[in-house]
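Q: There's a structure below that I have some questions on.
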Amino acid sequence: RIVWLFTLGERLKVFVYGTLKKGFGNHGFLNNSEFISKVKTVSKSYDLVNLGNFPALIKGGSYDVYGELYSIDSTTLRNLDYLEGNTVLYTRDKISVCSYEDSRIVWSGVWAYMMDSPPNYSNTINSYNDIKTWGLYAKWP
């Protein structure tokens, strides 16, 4: 059972890093959303895993993850929950992100979809081919 923790009409922020980014297959789910900024995670505490057709964000890693920040409505959030398999495949959780251009600009409490136990966890996106496929997602220490 999913409990919605917002009111109708409220605008929410979501961090996208994979197929929801501009130029990728699922970006149409964000058609009624407002692009805010290119962003990255505030702390180097994530990994991004290549699962073939899509990546997965994992807590407990050692990289910055780059993506895009959008302002969305409650209908879009429900649609994203369905697409991402919220509570089944991915878990929606809040993180902090900062502007790619100016790390002093920070957004806290931003929704992001993460995977708790991905298959092939060792398949971290850190090669040229992965970066070419998915765009600039991870920056190595």
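Q: What does the charge dipole of the stretch 21-65 about its Cα centre add up to, to the nearest 20 debye, if the Cβ of each Lys and Arg holds +1 and the Cβ of each Asp and Glu holds -1? It would help to have the intermediate numbers written out before the result.
A: Numbers: 6 positive and 3 negative charges, 17 e Å.
About 80 debye.
Q: So for 33, 43, what's the accessible-area order with a 1.4 Å probe, most first? It would help to have the intermediate numbers written out before the result.
A: Numbers: 33 25, 43 50 Å².
Largest to smallest exposure gives the sequence 43, 33.
Q: With charges only on Cβ, +1 for K and R and -1 for D and E, what is the dipole size of the stretch 1-96 about its Cα centre, in debye, rounded to 20?
A: 120
Q: Report, in cubic angstrom per residue, the convex hull volume of the C-alpha atoms of the stretch 1-116.
A: Measuring per residue, one finds 103 Å³ for the Cα hull of the stretch 1-116.
The values are calculated or read from the model by the stated rules, or taken from the named source; none is laboratory data. Not measured: the values here are computed from a predicted model. Note that we place each Cβ from the backbone using ideal geometry, even for glycine, and neighbour counts take in every protein chain shown. The area values use the complete protein model at the heavy-atom level, side chains included, leaving out ligands, DNA and RNA. Shrake-Rupley method; radii C 1.70, N 1.55, O 1.52, S 1.80 Å.
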